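Contents: one structure, followed by commentary.
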Amino acid sequence: MNSLYAVFLSALFIFFSGIRIVRPTHRAVVERFGKYKRFANPGFHWIIPVIDRMFQENITEQMIDATPQEIITFDNLNARVDAQVYFKVKPDEENVKNSLYNVNRVTYQIVNLARTTLRNIIGTMTLKSANSERGRINSELHKILKDETANWGIEIVRTELKEIDPPKDVQETMNKVVKAENEKIAAVDYATAQETAADGEKRAQIKKAEGIKQSRILQAEGEAEAIKLVNEAANKYFVGNAQILRKLQAVETALEENAKIVVPTNTELVNVIGELAGVIPLRRDGRGETKETT
């Protein structure tokens with residue numbers, strides 16, 4: 001009885017010892033006596049303890065830092081460069097096997113490969129071009145890593161150049177150059193704005209002068225028309241009557257100054273004014289009664 005109980009406990013221990021759970025974020029391979037036995041998808045699996053071993057591999061996207069390093073650029077400047085590499089293990093059986101059997105410590109290999117590749121790329125560029133052509137560096141780094149890791153069972157998703165820091169004294173000089181360039185651009189913009197304002201003022205003065213000119217032309221035309229009308233009236237009513245014209249001009253001047261003038265009735269001046277106004281003067285007969293003149 002005790003032996004059966006011991007056998008039962010041993011079997012129960014072996015069963016639970018062989019239970020393996022593979023998460024959806026992983027894939028696994030099972031080895032028996034050090035030889036590949038089978039591929040394990042997510043879910044429940046049981047292996048023979050001691051005889052079988054399971055190795056799981058994370059298939060989610062992962063990021064590793066290439067760690068900062070000093071790189072001598074083409075113009076002999078020491079730049080501090082750092083980059084990040086994003087990769088993931090392909091989930092099919094063949095690629096999971098390749099990630100386990102074709103490369104040792106895949107993350108360590110990627111870091112060192114990325115560092116070496118960055119030295120080769122940036123070493124052929126000046127510091128200025130390296131800073132301005134980060135996209136090109138990322139593209140070249142991604143292509144080289146993808147080609148070199150083709151049989152590692154992984155996919156290089158993308159690479160990102162994290163920083164390119166020049167030496168401190170070079171950085172200060174670059175900052176001064178950028179500041180001077182910005183001040184130059186600001187000065188040019190200010191001069192352009194001033195020129196535009198001056199041009200606008202010039203145009204406004206021209207428009208104003210044209211308005212004054214047009215106003216004077218219209219005023220002169222009005223005065224000419226008035227003179228024409230006066231001449232026509234003079235020719236019509238005062239031919240041979242220069243004395244009457246002179247009196248009428250005196251009356252006009254007095255009226256402009258709001259003066260009161262008493263003009264005797266039944267005079268030539270009254271008759272002329274009435275006719276100009278369209279009023280027919282009235283004459284008195286011998287009995288003192290008024291009547292229209294014809």
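Some notes on this structure:
- Stokes-Einstein D (µm²/s) once Rh is taken as the Kirkwood radius of region 2-58 over alpha-carbon pairs, at 25 °C in 0.890 mPa s: 200 µm²/s
- Label point distance in nm, MET54-ARG80, each placed 7 Å from Cα along Cα→Cβ: 4.6 nm
- Overall, region 1-141 carries a charge dipole of about 320 debye about its Cα centre when +1 sits on the Cβ of Lys and Arg and -1 on the Cβ of Asp and Glu, all other atoms neutral.
- Placing a label point 7 Å from the Cα of PHE44 along the Cα-to-Cβ line, the residues of region 20-37 whose backbone N sits under 17 Å from it are 20-24.
- One Cα centroid belongs to region 203-217, the other to region 110-168; the line between them spans 68 Å.
- Sites ARG158 and ARG119 - FRET efficiency at Förster radius 22 Å, r taken between beta-carbons, to 0.05: 0.65
- Straightening the chain between ILE206 and SER3 buys 61.0 nm, computed as 0.36 nm per residue apart minus the Cα-Cα spacing.
- Evaluated at q = 0.11 Å⁻¹, the base-10 log of the normalised Debye intensity for region 62-166, with identical point scatterers placed on the Cα atoms, takes the values -0.34.
- Cα-projected label distance for TYR101 with ILE19, points at 7 Å along beta-carbon direction, nm: 3.0 nm
- Normalised by residue number, the volume inside the convex hull of the Cα atoms of region 110-153 is 62 Å³ per residue.
Throughout, read-outs are computed from the coordinates displayed, never taken from laboratory work. As the structure is a prediction and not an experimental result, all values here were calculated from the model. Methodologically, a virtual Cβ is constructed for each residue, glycine included, from the backbone with ideal geometry; neighbour enumeration extends over all protein chains shown.
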